[in-house]
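No value in this document is a laboratory result; all are computed from the given coordinates. In this text, all values refer to a predicted model and were calculated from it rather than measured experimentally. Here the Cβ is made from the backbone with ideal geometry for all residues, glycine too, and neighbour counts use every protein chain on show.
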Amino acid sequence: MEQPSAEAYEATHVHSVYNAIAPHFSSTRHKPWPLISSFLTAQPPGATGLDVGCGNGKYLPVNPTLHIFGSDRSENLVQLARAERNGEVVVADALSLPYRECSVDFVICVAVIHHLSTRERRQEAIQALLRCVRAGGKVLVYAWALEQGTSRRGWDEGSEQDTLVPWVMRSKGKPDATYQRYYHLYREGELEEDVVAAGGIILESGYEKDNWWVVCSSKET
Amino acid sequence: MKVLSLNFLTCAVKACKSSSDSYPLHPQDAELVQDEIELNPDMLINVLPRLDWTALRTTSSELGFPALPEQAPTAEELQADEKMIRDLHHLLLETQISEGKLVCANCGHQYAVKEGIANFLLPSHLV
């Protein structure tokens, strides 16, 4: 059997899943993660930024003195971000971002690049984020960790890194529907390697609640 | 979408990035709506260095607003000019494109804007 292209695979196991589960997914995603909130709160009034893969827009109102532009691949999630949070949002693919180069002060990209199914595409996505920030601008990237031994999912060092994670949607009066989302689970150090391969400089990095994160900037600074 | 957003958006097609014609995108058949938003002078003064003023002048005239000065004001000039702060606040933050299209002058691709949301997903032959 012929292997589907990375694009076709992600269309089935990422894009169509998020569009189908959007309202249910959104209802479980309201609480901003503390580290991301403090990154946003530390930006000065009037700073401009992107939230690439903004989902239902939960980070857009965290600091109302910012000009923050959200984008997501899922039209249904973007509509929720606008309707529920009055977010300034567009529908866009992380690998074809519609922003002018070196234009914004910061970028956040939370729980997005682990949905890209090849390493090349993940590095390309980080490169695209780095291109959007001005000299000295910071990019914050979060991705799911392989090492989450204490989580109910039970993956840990040595588990398969490329995996399908079921999303079970329960709705009243209907049988449960299960959707399989593709994830690449990042092992320790791998996110930093991808940032360096994308031409970035690591400013800070760490682990928070089942995720690896980095704050990076582009090399020209 | 706010007029401010348009100052940061460009064509999503990779081959267009190197062309100066791909920015700014040109609104077509644009329906505008006005929001009332509380004015925060710092949010305008601090966004000045991030604006592409030439592109903003183009957008502003294409949307039928009065001509902006040729040169961007400095932070000090803007701080001292309450009318200009109000005008910029109105143009950048209170004016929204609710329906219409954004057109790239390089490749001609039209991005639809519906209910205030522009869609930048590309057909497969343009990716």
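Confirm whether A:Ala135 is small (Gly, Ala, Ser), within 16 Å of the chain's Cα centre (by Cα) and either in a strand (DSSP E or B) or within 20 Å of A:Asp93 (Cβ to Cβ) (or both). Don't jump to the end; show me each part of the working.
Details: small (Gly, Ala, Ser): yes; within 16 Å of the chain's Cα centre (by Cα): no; either in a strand (DSSP E or B) or within 20 Å of A:Asp93 (Cβ to Cβ) (or both): yes.
Taking the combined requirement at face value, the residue does not satisfy it.
Reported count of residues in the stretch A:2-16, each being over 15 Å from the mean Cα position of the chain (by Cα) and either crowded, with 17+ Cβ neighbours inside 10 Å or in a helix (DSSP H, G or I) (or both), is 8.
Among the residues examined, B:Lys83 does not qualify as within 10 Å of chain A (Cβ to nearest Cβ), surrounded by fewer than 16 Cβ atoms within 10 Å (Cβ to Cβ), of a type outside the set (Asp, Glu) and over 12 Å from the mean Cα position of the chain (by Cα).
So for the stretch A:165-172 (the condition being within 14 Å of another protein chain (Cβ to nearest Cβ), under 17 Å from the mean Cα position of the chain (by Cα) and of a type outside the set (Asp, Glu)), does at least one residue qualify? If you could, list the steps in order and put the result at the bottom.
First pass over the stretch A:165-172, keeping only residues within 14 Å of another protein chain (Cβ to nearest Cβ): none.
The answer is no; no qualifying residue exists.
Only a single criterion out of (1) in contact with a Leu (Cβ under 7 Å, 6 or more places away or on another chain); (2) free of Cβ contacts under 8 Å to residues at least 24 places away in the same chain is not satisfied by A:Thr12, namely (1).
Check whether at least one residue in the stretch A:118-129 is crowded, with 16+ Cβ neighbours inside 10 Å, closer than 24 Å to A:Gly200 by Cα and in contact with a Cys (Cβ under 7 Å, 6 or more places away or on another chain), and report yes or no. Break it down into steps so the answer makes sense when it comes.
Kept after step one, since they are crowded, with 16+ Cβ neighbours inside 10 Å, are these residues of the stretch A:118-129: A:121-129.
With the extra rule that they be closer than 24 Å to A:Gly200 by Cα, the set shrinks to A:121-129.
Next, from what is left, pick out any that are in contact with a Cys (Cβ under 7 Å, 6 or more places away or on another chain): A:129.
The answer is yes, given that some residue of the stretch A:118-129 is crowded, with 16+ Cβ neighbours inside 10 Å, closer than 24 Å to A:Gly200 by Cα and in contact with a Cys (Cβ under 7 Å, 6 or more places away or on another chain).
A quick yes/no check of all residues on (1) closer than 25 Å to A:Ser74 by Cα; (2) of a type outside the set (A, V, I, L, M); (3) in contact (Cβ under 8 Å) with a residue 12 or more places away in the chain; (4) not in a helix (DSSP H, G or I):
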| residue | (1), (2), (3), (4) |
| --- | --- |
| B:Thr54 | no, yes, no, no |
| B:Thr58 | no, yes, yes, no |
| B:Glu70 | no, yes, yes, yes |
| B:His125 | yes, yes, no, no |
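The sole residue among B:Ser18, B:Ser22, B:Ser5 that is within 11 Å of chain A (Cβ to nearest Cβ), loosely packed, with under 15 Cβ neighbours inside 10 Å and either closer than 17 Å to B:Gly100 by Cα or not charged (D, E, K, R) (or both) is B:Ser18.
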